[in-house]
Amino acid sequence: MANQKTCVMGMFRHDGRTTLLKRHGWVSPFSYLLAILATGLAVVATSLFGISSAAAAAGTWGAAHYRYLDGTICSSGSASTPFASWDFGSHTPAFLLTPVISNGSIDTAALPFAATGRQSSAAVSSGQDGFTSDSDIATYASLLTHYGAAVQDVGKVAGAVYAKSASPATSCVGDSSALLTSAAALSGPYTTTLTTEPSPPVIGATSTLTATVTGATGVPVPGVTVAFNGGATKLSTPTAVTNGSGVASVRFTVPTGINAQSLAVTASTSVSIGLTRVSATATATATNPSGSAVDAIYAGPPVTTQTSLDIVVDPTAHPKISAGTANRAVTVGGQLTPTATVTGMNGHQGTATFTILGPLPLVAGSLCASERGWSASTPIAATSGALVLGNGSISGNPWKVTAAGCYLVRASVATTDATPPASADSGFDSGSTTVTALASAATLTLDRAIVGRGPVKAAVTVTATTGIAGEVVARLIGPAPGTPGSCASVDWGRAPQSAAFSAPTNGDGTVNLDTTAISAPGCYQVQGSVKLPIDGVGVATVPISPPASGGVIIAVAPVVSQRSDQLWSTTPGKIGTHVQVGGLYGQAAHVAVQMLYMPADPLGCAHVAWGQAPVASVGTPVSVTGDSSDIAVGSGLTDKTGCYLPVAKVTMDADASITAVGPRDGHYNALIAAPAALNQLLTTTSRSGGSDDLSGFYRALVGFALLLSFTVLAAVYIGWRGRARGRPGQLPSAFLSDPDWPDDDLLRVGQTVLPGRPRPVGRPGVSAGSLRR
């Protein structure tokens, strides 16, 4: 072994030494021996016991390279045997009757292809080729039909056919007994049974035609195509495939106006129950030196069997009618719509009449449950009619319940085209046709209809419940925008839901709904009903009636702004303002102008901090309804000197707690108020047409400014003339810097040179008024 060169499990020898594949780590000599031993055992096992197989697929086989459709090639050493399906010209899978072996150079026999030699075919009879009976042949025909083309089963089918040979081949594809058992259950000939539902079918109505297919052993056969022939009937489809229970169904309709007493329908099935043998004459060749050929079989042509059924048809009408209504529990003011179901018309037409009898009085405790007093003499509350077009459901006209009590829905039908004529009546049976009508009512109350933002309290008062316990189911709808400034034309059907409420009721009484907060302005409405269940009848729905106000909750969000007519006033005095109001949703309110007061500011009233300014006075309120613009509103009184700011305030008439105030903007609306006595400082009248007193005040201020300016100019002139301490032509020495002062942080005023004078000699300085740092 030391002189051999081998490659086993990642290790090889060269140059008389053993080299391991280092990337796989160290391999011990013991592991090396185990690998060689395992390999040897595999070779021996394959040679002595195993038969290898190629995967199922199409390909060629043998020395002659015969092409097969599908299957598996079983090999033992250099010999191989095909377990495959072939197409020998029948265009259906065929299987060899006798195994053929090839070593790659010589085949033990030729296959029955047309190229091999003259082909011939004949039906397989009982006693031939190992088939013992007709049922045996039918089983193999079923085997080839159902499993001969299935990729996973082709090899087993070939093995089952080889098993009929006197010299069966050793298989590598497994046992085929389960496939044979299944094929026997699915084998023909088939038996088909026809039925209809309903039976007999109704003329003009859709019925069902069902075919049940069973095999030779009586087992239902799935996957069989059944061809139907309805004759004079109209079929939904001409074919159907049996399901797992061997059942195939189609829909059919017997046409109206037919006079025949019966109609014939048929169902046909086709299945192969025979086998066809294909043979070929061979001659000796290099690949087939014996000159022999084997035969093959394939499923014979399908055999069609037909089953017929005579459907009995009754062209006369035998109508039946049952009355009722969609809701047997109603309230006064609600609607009752009578309904009926008609059968037995057999395609004929007619008319129906609905009669609502009643009311009979309600009985305490049982209401209408025990009512049995219906008869032809019972008062009639309403009648209506309907056209009947064969069998089906019909409805009468809706009727509005006018009084509480018990009602009975009665219906009758009569044919209009049948011979002989026929009719039917639902009678006076009070079972499912009795209706209980209650006089119950539910009314909504609201604690307020106009709100700002906050909770709303609602209550529902229920009356005339006859002691029935129920439930209030309500919801708050909104906010809805409505039309500009109004909730009058809101489309509540498109408004969103804000909240839902439910509360139990116990007979008559008032139920308080949960308080809900409204957080957005707009239009709201409470909608809902009271549900009163009646045992054995249904649930009476009592709509919640709104209060007289309409039940609309208006969540207002008032907004106000103001504009002053003037920026001055006397003390005492008033000014005019114009106010704009929005967000009232058409509701009434009143607007007043408050006067905020602050002492006079040296920089002017526009610079006053108005955030904490107190209210000094309030003007006369003005009433408004809905959103308004440019409302003339008088201010409060300016009764002392100082700065004032007019601010508008709007208050809702329906709820004084809902208010809004205008902006505290002193830049545009602040004004000054001064005593009328200042008017005596100057005697010139105001050119602007304003108050003489306020004009005198401003003229006094202008005079003061002029006096101050004259004083400054006089001081400057004296300095120019040099009449104070200092050099001629310079400012007084009091204005000059001290040469002993440090240079930093020094404010200096340099000498001033007057025109026409020679430049003075002295210490140079900076320009007057400059700041050097």
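Using only Cα positions of the range 559-673, each an equal point scatterer, no hydration layer, compute I(q)/I(0) via Debye at q = 0.23 Å⁻¹ and quote the log10 values to two decimals. Reported log10 I(q)/I(0), two decimals: -1.20. Only Cα sites of the range 160-214 enter the Debye sum here, all with the same form factor; the resulting log10 I(q)/I(0) across q = 0.14, 0.27 1/Å is -0.61, -1.05, listed in q order. Straight-line cross-link reach from Lys164 at under 20 Å between alpha-carbon atoms covers these lysines, not counting any fewer than eight positions away in the same chain: Lys156.
Distance from the Cα centroid of the range 89-134 to that of the range 349-366 is 83 Å (rounded to whole angstrom).
Hydrodynamic estimate: the Kirkwood radius of the range 85-139 over Cα pairs, inserted into Stokes-Einstein at 25 °C and 0.890 mPa s, corresponds to D of 184 µm²/s. Size of the range 205-323: Rg and Dmax of its alpha carbons, in Å, are 24.1, 92.
Rounded to the nearest whole Å³, what is the per residue volume of the convex hull around the Cα atoms of the range 99-178?
In the range 99-178, the Cα hull volume divided by residue count equals 136 Å³.
Measuring between their Cα centroids, the range 385-399 and the range 610-647 lie 72 Å from each other.
Straight-line reach from Lys400: taking Cα to Cα under 26 Å and skipping same-chain neighbours fewer than 8 places apart, the lysines in range are Lys531. Computed over the range 114-229, the P(r) curve from all C-alpha pair distances, binned at 5 Å from the origin, holds 2, 10, 15, 16, 16, 13, 9, 6, 5, 4, 2, 2, 1, 0 percent per bin.
Take the range 441-555 with all the other protein chains still there, run a 1.4 Å probe, and you get 46 Å² of accessible area per residue.
With all pairs of different C-alpha atoms in the average, the Kirkwood value for the hydrodynamic radius of the range 441-555 is 14.6 Å.
The values are calculated or read from the model by the stated rules, or taken from the named source; none is laboratory data. Model, not experiment: these values are computed from the prediction. Note: areas computed on protein heavy atoms with side chains; ligands, DNA, RNA excluded. Shrake-Rupley method; radii C 1.70, N 1.55, O 1.52, S 1.80 Å.
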